[in-house]
1. Could we say that Glu96 is surrounded by fewer than 15 Cβ atoms within 10 Å (Cβ to Cβ) and either closer than 19 Å to Ile10 by Cα or in contact with a His (Cβ under 8 Å, 6 or more places away or on another chain) (or both) here?
2. Tell me, yes or no, whether the range 66-78 has at least one residue that is aliphatic (A, V, I, L, M) and over 11 Å from the mean Cα position of the chain (by Cα).
3. If the requirement is being of a type in the set (S, T, N, Q), over 16 Å from the mean Cα position of the chain (by Cα) and surrounded by 13 or more Cβ atoms within 10 Å (Cβ to Cβ), which of these qualifies: Thr16, Thr12?
4. Just wondering, is there one or more residues in the range 110-117 that are over 16 Å from the mean Cα position of the chain (by Cα) and open to solvent by 10 Å² or more (accessible area, probe 1.4 Å)?
5. Open to solvent by less than 60 Å² (accessible area, probe 1.4 Å) and not aliphatic (A, V, I, L, M): is that true of Asn139 in this structure?
6. Checking Phe55 against (1) assigned to a helix (DSSP H, G or I); (2) over 14 Å from the mean Cα position of the chain (by Cα); (3) closer than 19 Å to Ile175 by Cα, which single condition isn't satisfied?
7. If we scan the range 40-48, do we find a residue that is touching a Lys or Arg at 6+ places or on another chain (Cβ under 8 Å), farther than 24 Å from Ser174 by Cβ and hydroxyl-bearing (Ser, Thr, Tyr)?
Amino acid sequence: MKELNEFPIIETERLTLSQLEEADIPFIVEYLQHRIYSDLTSNIPYPYTEDDARFWLKMSKDAFENNSGYTFGIRNKENQLIGAIGLHDRDDDKAELGYWIGMPYWNKGYVTEAARAIVDFGFKELNFNKIFATHFLHNPASGKIMEKIGMEREAILKQEIKKDGEYLDLALYSIFKE
């Protein structure tokens, strides 16, 4: 992954993607309070606490400083945090895409808009060859976002994740630079 000296700001038609900040913590905690985020993702705990948000913010800053990932706050044009999206280096010129968005902003195309911009950034600025993402089979909406940005389903990873004592399958999607 190419190293950038300062955290980028990416503008889209309706959004600004920028570094998460301490001031975002109350919004992050408020959004991620709903159990559905834990149910639909592999790494968001329930209940979600301020300590979880602080830990995630620190991990995000460390990833940027270690040149291993970028986690952007998704903000509307009023600069209000509405979600987050990230690209994390998985070696061999590939990165993993991940995202969440606050429930009031579901089904408005914001994640698709942000994901298109992040994939473009990953290929053009960071020089990745492949960007991939996974979703639980019980979260087909996430797969639809992946398809809308040009990703294709590569595989179903059987019993890939153990969550709450249960083994869950993941759908794996990817897109390539060329």
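The values are calculated or read from the model by the stated rules, or taken from the named source; none is laboratory data. Not measured: the values here are computed from a predicted model. Backbone-built Cβ (ideal geometry, glycine too); neighbour counts: all protein chains shown. Surface areas here come from the heavy atoms of the whole protein model, side chains and all, with no ligands, DNA or RNA. Shrake-Rupley method; radii C 1.70, N 1.55, O 1.52, S 1.80 Å.
1. On the way: surrounded by fewer than 15 Cβ atoms within 10 Å (Cβ to Cβ): no; either closer than 19 Å to Ile10 by Cα or in contact with a His (Cβ under 8 Å, 6 or more places away or on another chain) (or both): yes.
No, not satisfied.
2. Within the range 66-78, the subset aliphatic (A, V, I, L, M) is 74.
Subset that is over 11 Å from the mean Cα position of the chain (by Cα): none.
No, because not a single residue in the range 66-78 is aliphatic (A, V, I, L, M) and over 11 Å from the mean Cα position of the chain (by Cα).
3. Details: Thr16 fails: over 16 Å from the mean Cα position of the chain (by Cα).
Residue meeting the stated conditions: Thr12.
4. So in the range 110-117, the residues over 16 Å from the mean Cα position of the chain (by Cα) come out as none.
Within the range 110-117 (the criterion being over 16 Å from the mean Cα position of the chain (by Cα) and open to solvent by 10 Å² or more (accessible area, probe 1.4 Å)), the answer is no, since none of the residues qualifies.
5. Values: open to solvent by less than 60 Å² (accessible area, probe 1.4 Å): yes; not aliphatic (A, V, I, L, M): yes.
Yes, satisfied.
6. (3)
7. yes
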